[in-house]
Amino acid sequence: MTPRHRSIVWSFTRHSLLLCGAAFILLPFLWMISTASKPQTEIFTKSIHFIPHSFALWDNFATAFGKANLWRFLVNGVVVTVSIFLLQVLIALPAAYALAKLRFAGREVLFALVLFCILIPPQATAIPVFLLFHKLGILDSYAALIVPFTISAFGIFLMRQFFKTVPDDLIEAARMDGISEFGIVWRVMLPTAIPALTAFGIFSVVAHWNDYFWPLIVLNSEHLRTPPLGVASFRNEEAGTNYGPLMAAAIVIIAPLVVAFLLAQRRFIEGITLTGIK
Amino acid sequence: MAKIELNGVRKTFDQTAILKGIDLTIEDGEFIALIGPSGCGKSTLLRIIAGLEPQSSGEVRIDGVQVDGVRPSARNLAMVFQSYALYPHLSVFDNIAVPLRMRRHSALARMPLIGRLHPERGRTERGIREDVERVAAQLELAALLKRKPGQLSGGQRQRVAVGRAIVRQPVGFLFDEPLSNLDAKLRVHMRAELAQLHRQLKATFVYVTHDQAEAMTMSSRIAVMIEGNIVQIGTPAEVYENPRDIRVAEFVGSPKINAMPGVIREDRGLEVLGRQLRLNTTAAAGRCTVCVRPERMELGPGPGAIAGIVTHLEHLGAEAFIHVKVDRIDLPLLARVSPDQQLPEIGSAIQLGFSASAVRAFDATGKRIDVTAPARSERVREKALG
Ligand SMILES: Nc1ncnc2c1ncn2[C@@H]1O[C@H](COP(=O)(O)OP(=O)(O)OP(=O)(O)O)[C@@H](O)[C@H]1O
Ligand SMILES: [Mg+2]
């Protein structure tokens, strides 16, 4: 074999392997879209076929929107994830600035504690927080969905690592110019930290948009449900075994993230490589 | 305009003394250069004056007022950093405008979005625009106002940093090696511009550098700092000609001064490398170091001349340096000669001498000792050796 042949063979194997991997990962999604496009009669048949014989996607969407308040779930998802992210930034940035750039007794100990907090899974604190919220009487509210996540140890850690790389001179120049310490956080550190903040934003929004565990614990009312919870309840109560509308609803709730990803693909990848986390 | 006084300023970082009692009075409108080897505490001292770092003890006064606990921005000093420290996300215009905005706008008017509705904001902003444009014109930045710092050359960034410093008309300027990131040619150019700026503003300039050419050419006085002490303060000529300490003699001047081991005899006579000098001293007998600047070394034979071998020649165009290896000294002695004369071959034997007035002698602790030519030879140019 000539080297040229060999490279063609190699590239062929490589691509077929990648295609298999992609197919494996994408199959459930394709199946979801396919199911969402089929009428009820076609879903449970003996033969497997991807392309529906009669196209019922719009009917299924209509049924889904008719049976449950999908818009409300989406709005809830946006309110909760955006509030969580803004509050996380509001708290993480000053904290990260202090840990990275201010000199005070106990700074290293505090930072070690922050690192330690990253190791605690949210499930471990769920019950105590639940009991606390019960005492405070804020279960089953937006606050219950948002407040537990406002302090993100990971966010503080990530921003602190980034702030470490900002030169001290820049901060001292800002002090000479008369910018206060909080001013430095918002006027100097925040604009230089946009890439890190984007990365953090992606993780935060994806994690809380898709979160199923915590909303399931604290919510009772239907009108507060976040998208994953909304769709799940759809399955249990509304649609029964009617999988067509259920899958249509699933498309609706993952659509915002997919669209956001396509729009901000480059940022997304930059962010992931920046933090080195997959 | 400000007079800056430092009294017994000390600074320790984790038990290490960095500044060991600095007393320094900087007169109003003076251009003082602070020079010293790397790590001697120059930046630390500057940051203490600026208020960015608290001193461990001692006091700083600006115009007679003690400024402990006064915030950096309230001291009305401006600082230009080695890295320029421009705000990377702001345009040149905004970079220069920041100190004015922080001063002239009320906190409310500075708020994003809401601030725009503030009634006073428009008028103040027009005043700021005028001032920024005036400074930009002065520094030839007018065409660059819309650019971001990342789109500027080193020299342009440097000018923006200066612009940000002068725009609010502070009483004093603190420069921390502002030219060290520029190439040699631009550095000479900016040197002239900064000196010009000082003449124009008549403000107090404190200028940290370890480039002595900058210090010698720009400043009215030089303070030489070594290991956390100011060892000598004086005019550039004074510091160069009359170093009070051997470390000053060795630090100031490039190439370095020639140092030769010597002895002060019981009869007050001075010997170098075993040869008697026609010089006397009042200092106590013991070891000493005899120093002579390269340009004061003279080539050629003579009684008692120092013999050596030429090891290296440096031809710099306008001048040439001859490195001469001499017995009993590790470093070669340097002689500066005019390049139009015939330079000796590398490896050839050569003889060196110097005149009595060229000798700067230091005792074993490094302190300068006075030497006098004996009464019988009154002529200053009388040779000490050779
Ligand atoms: N925040 C700090 N913590 C501990 N040590 C410090 C700190 N800042 C400076 N030092 C030490 O103080 C000494 C003097 O530092 P400084 O920056 O003043 O030196 P310098 O004279 O400006 O040197 P250079 O010419 O290299 O800029 C150095 O040994 C440095 O390690
Ligand atoms: Mg320094």
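Assorted remarks:
- Yes/no for B:Ile329 being of a type in the set (A, V, I, L, M, F, W, C) and surrounded by 19 or more Cβ atoms within 10 Å (Cβ to Cβ): no
- Segments classed as strands (runs of 3 or more DSSP E), wholly inside the stretch B:162-230, with at least 1 members that are away from ligand 1 (no atom under 16 Å from the Cβ), more than 14 Å from chain A (Cβ to nearest Cβ) and among the hydrophobic types (A, V, I, L, M, F, W, C): B:204-209
- Scanning the stretch B:177-220 for residues that are within 16 Å of ligand 2 (Cβ to nearest atom) and open to solvent by 30 Å² or more (accessible area, probe 1.4 Å) yields B:Ser180, B:Asn181, B:His210, B:Asp211, B:Gln212.
- Residue count for the stretch A:22-49, restricted to those that are open to solvent by less than 50 Å² (accessible area, probe 1.4 Å) and within 23 Å of the chain's Cα centre (by Cα): 2
- Residue check, B:Glu227 open to solvent by 60 Å² or more (accessible area, probe 1.4 Å) and either at pLDDT 95 or above or within 16 Å of ligand 2 (Cβ to nearest atom) (or both): yes
- 2 or more residues at pLDDT 95 or above and under 27 Å from A:Thr192 (Cα atoms): qualifying helices (runs of 4 or more DSSP H) within the stretch A:57-123: A:70-101, A:107-118
- Scan of the stretch B:51-79 for residues that are facing another protein chain (nearest Cβ under 10 Å), among the aliphatic types (A, V, I, L, M) and more than 13 Å from ligand 2 (Cβ to nearest atom), ordered by number: B:Ala74, B:Leu77, B:Ala78
- The selection criterion, being free of Cβ contacts under 8 Å to residues at least 40 places away in the same chain, in contact with a helix residue (DSSP H, G or I) (Cβ under 8 Å, 6 or more places away or on another chain) and in a loop (DSSP other than H, G, I, E, B), holds for B:Glu140.
The values are calculated or read from the model by the stated rules, or taken from the named source; none is laboratory data. Computed from a prediction, not measured in an experiment: that's the story for all the values here. All Cβ positions, glycine included, derive from the backbone under ideal geometry; neighbour counts span all protein chains shown. Protein only, heavy atoms only, side chains kept; ligands, DNA and RNA dropped before computing areas. Shrake-Rupley method; radii C 1.70, N 1.55, O 1.52, S 1.80 Å.
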